[in-house]
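Colleague: Submitted below is the structure of interest, expressed as structure tokens.
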Amino acid sequence: MVIRNAKILTMEEKDYENGFIRIQDGLIDSLGDMEDCPEDPEAVDACGGLVLPGLIDAHSHLGMWEDSLGFEGDDGNEDTEPVTPQLRAIDAVNPLDKCFREAAAAGITTVLTGPGSANPIAGVWCAVKTSGSRIDDMLLDGAVGMKFALGENPKSVYHGKNQSPVTRMATAALIREQLAKAQRYLNDKRLAEQNSEDYDEPEYDIKCEALLPVLSREMKAVFHAHRADDIFTAIRIAKEFDLDYILVHCTEGHRIASFLREEGAKVITGPFLCDRSKPELSGLDPKNPAILWEAGVENAICTDHPVTPIQYLPLCAAIAEAEGLPYRHALEAITIVPARLFRLDDRIGSLKPGKQADLLLFDSDPLGVCARPKLVLINGKKVSE
């Protein structure tokens, strides 16, 4: 496929006011100015429309809490024990949930999805495309991050069960305990490998095994934290165990923006297209992305679906722009920034030869209230037109 006569926002260094993009075998083959456009009688004429990369929701629970269902479709929180790193989102996501189709039609081509925040350690997140019927065929990365949760949610869940944790202290202690166990487990495995005559392999521990990629920084540590004190606890724990961490929600980040810059924190903001539904959301401010950006803290924007329905991700970016985030950065916050945060930017997040052909064609402002893409491609295939 060739798309011609398009304004192309690549989310790379160079854009094209009037250009083309050529797709082959599901990848971007080439792009450039119209004077270099290859001949193709079946080319799609964009008629001056805007082409940009497929959108990415950096934090959602798509397919984990299914639309229109109660307990039967609720697979986001295994709240029978507080420490469950062995759980994997790919065993719960239902790609036939109608919200996947709504996401794709709105131009969201990739989502980060996984367990919720009931447990201090909740399980493994995945990155998936929004088109398909079988999760195994939709995966970009089946183990993109380990979900940790601080603050109000673990307290509330386990207080009702008369079980630990019921304080922020206990939540942090449970996380530290399991990470320390995993460290010791890893050391014992290494000793056994180096000197098998004197040291036996430790007994298999599925929880410790699940945390090994986190300790080696191969997998991101994704910390749910709204309040400023919880954000600092996440940073403290990440430093203690040398974790490659991302702060999710970071609702009071605007109150501590300079500290986050000094720490080099990686941040996902949102949701803010919602009400202040619980105490730790009292500091919710849609200016948060702009304030963080002005302080030098790059941040992605998420819906936290189903808190905000996933198809409204562009509207969330539009709200951030209306509250002071520059237009280009609002688009980056739902394309290349989440791709970089999760080390997926070699494949998605921008338009560049060799990357997967996830792209959108608009005939209006993509951050407009009523905007919908005229064409959505995922891996070079039309999924919405």
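Colleague: Restricting the first residue to segment 282-303 and requiring it to be more than 19 Å from residue 338 (Cβ to Cβ), which pairs with a second residue that is open to solvent by less than 60 Å² (accessible area, probe 1.4 Å) and polar (S, T, N, Q) meet a Cβ separation below 7 Å and a spacing of at least six or different chains?
Modeller: 283/251; 284/251; 295/258
Colleague: Quick check on this structure: which one of 186, 174 is touching a strand residue (DSSP E or B) at 6+ places or on another chain (Cβ under 8 Å), surrounded by fewer than 22 Cβ atoms within 10 Å (Cβ to Cβ), in a helix (DSSP H, G or I) and aliphatic (A, V, I, L, M)?
Modeller: Values: 186 fails: touching a strand residue (DSSP E or B) at 6+ places or on another chain (Cβ under 8 Å).
Every option except 174 fails the conditions.
Colleague: Ok, one more. List pairs: first in segment 202-217 and in contact (Cβ under 8 Å) with a residue 40 or more places away in the chain and part of a loop (DSSP other than H, G, I, E, B), second open to solvent by 60 Å² or more (accessible area, probe 1.4 Å) and of a type in the set (A, V, I, L, M, F, W, C), Cβ under 8 Å, 6+ apart or cross-chain?
Modeller: Note: no pairs meet the criteria.
Colleague: Suppose the filter is open to solvent by less than 40 Å² (accessible area, probe 1.4 Å), in contact (Cβ under 8 Å) with a residue 12 or more places away in the chain, under 21 Å from residue 208 (Cβ atoms) and not aromatic (Phe, Trp, Tyr); does residue 95 pass it?
Modeller: no
Colleague: Based on this model, can you work out whether residue 297 counts as part of a helix (DSSP H, G or I), within 19 Å of residue 223 (Cα to Cα) and either aliphatic (A, V, I, L, M) or in contact with a helix residue (DSSP H, G or I) (Cβ under 9 Å, 6 or more places away or on another chain) (or both)?
Modeller: On the way: part of a helix (DSSP H, G or I): no; within 19 Å of residue 223 (Cα to Cα): yes; either aliphatic (A, V, I, L, M) or in contact with a helix residue (DSSP H, G or I) (Cβ under 9 Å, 6 or more places away or on another chain) (or both): yes.
Against the criterion (part of a helix (DSSP H, G or I), within 19 Å of residue 223 (Cα to Cα) and either aliphatic (A, V, I, L, M) or in contact with a helix residue (DSSP H, G or I) (Cβ under 9 Å, 6 or more places away or on another chain) (or both)), residue 297 does not qualify.
Colleague: Moving on to the next point. Failed condition for residue 196, given (1) without any contact (Cβ under 8 Å) to a residue 12 or more places away in the chain; (2) surrounded by 17 or more Cβ atoms within 10 Å (Cβ to Cβ); (3) among the hydroxyl-bearing types (Ser, Thr, Tyr), with all others met?
Modeller: (2)
Colleague: Output the residue which, of all residues in segment 136-153 that are assigned to a strand (DSSP E or B) and open to solvent by less than 10 Å² (accessible area, probe 1.4 Å), is farthest from residue 252 (Cα to Cα). Spell out how you get there, then give the answer.
Modeller: Residues of segment 136-153 that are assigned to a strand (DSSP E or B), as a first pass: 139-149.
If we keep only those that are open to solvent by less than 10 Å² (accessible area, probe 1.4 Å) as well, we get 144-149.
On the way: 144: 25, 145: 23, 146: 22, 147: 19, 148: 18, 149: 16 Å.
Top of the filtered list is 144.
Colleague: Can I ask one more? In this structure, is residue 166 in contact with a Phe, Trp or Tyr (Cβ under 9 Å, 6 or more places away or on another chain), β-branched (Val, Ile, Thr) and under 24 Å from residue 217 (Cα atoms)?
Modeller: Details: in contact with a Phe, Trp or Tyr (Cβ under 9 Å, 6 or more places away or on another chain): yes; β-branched (Val, Ile, Thr): yes; under 24 Å from residue 217 (Cα atoms): no.
Criteria not met by residue 166.
Colleague: Consider residue 85 against the criteria (1) outside any loop (DSSP other than H, G, I, E, B); (2) within 30 Å of residue 163 (Cα to Cα); (3) not polar (S, T, N, Q): it satisfies all of them except one. Which criterion is unmet?
Modeller: The single condition residue 85 does not satisfy is (1).
Colleague: Let me ask you something else. Among the numbered conditions (1) touching a residue at least 40 places away in the same chain (Cβ under 8 Å); (2) acidic (Asp, Glu); (3) open to solvent by 60 Å² or more (accessible area, probe 1.4 Å), tell me where residue 57 comes up short.
Modeller: (3)
Colleague: Which residues, taken from segment 2-48, are outside any strand (DSSP E or B), at negative phi and open to solvent by 30 Å² or more (accessible area, probe 1.4 Å)? Let's see the steps before the verdict.
Modeller: In the first step, residues of segment 2-48 are kept if they are outside any strand (DSSP E or B); the result is 9-15, 25-26, 34-43, 46-48.
Narrowing the set further to residues that are at negative phi leaves 9-10, 12-15, 34-43, 46.
Across segment 2-48, the qualifying residues are 12, 13, 14, 15, 34, 35, 36, 38, 39, 40, 41, 42.
Colleague: Going through segment 335-352 one residue at a time, which ones are in a loop (DSSP other than H, G, I, E, B), closer than 15 Å to residue 144 by Cα and either at pLDDT below 95 or open to solvent by less than 20 Å² (accessible area, probe 1.4 Å) (or both)?
Modeller: Pass one, segment 335-352, residues in a loop (DSSP other than H, G, I, E, B): 335, 342-352.
Cutting the leftovers down to closer than 15 Å to residue 144 by Cα gives us 342-348.
Selection gives 342, 344, 348.
Quick grid of which residues meet (1) assigned to a helix (DSSP H, G or I); (2) under 23 Å from residue 145 (Cα atoms); (3) open to solvent by 10 Å² or more (accessible area, probe 1.4 Å); (4) of a type in the set (Phe, Trp, Tyr):
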position	(1), (2), (3), (4)
254	yes, no, yes, no
261	yes, yes, yes, no
277	no, no, yes, no
304	no, yes, yes, no
319	yes, no, yes, no
331	yes, no, no, no
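The values are calculated or read from the model by the stated rules, or taken from the named source; none is laboratory data. Quick caveat: nothing in here was measured; it's all calculated off a predicted structure. Neighbour counts are summed over all protein chains in view; Cβ atoms, including those assigned to glycine, are modelled from backbone coordinates with ideal geometry. Ligands, DNA and RNA are excluded from the accessible area calculation, which covers all protein heavy atoms including side chains. Shrake-Rupley method; radii C 1.70, N 1.55, O 1.52, S 1.80 Å.
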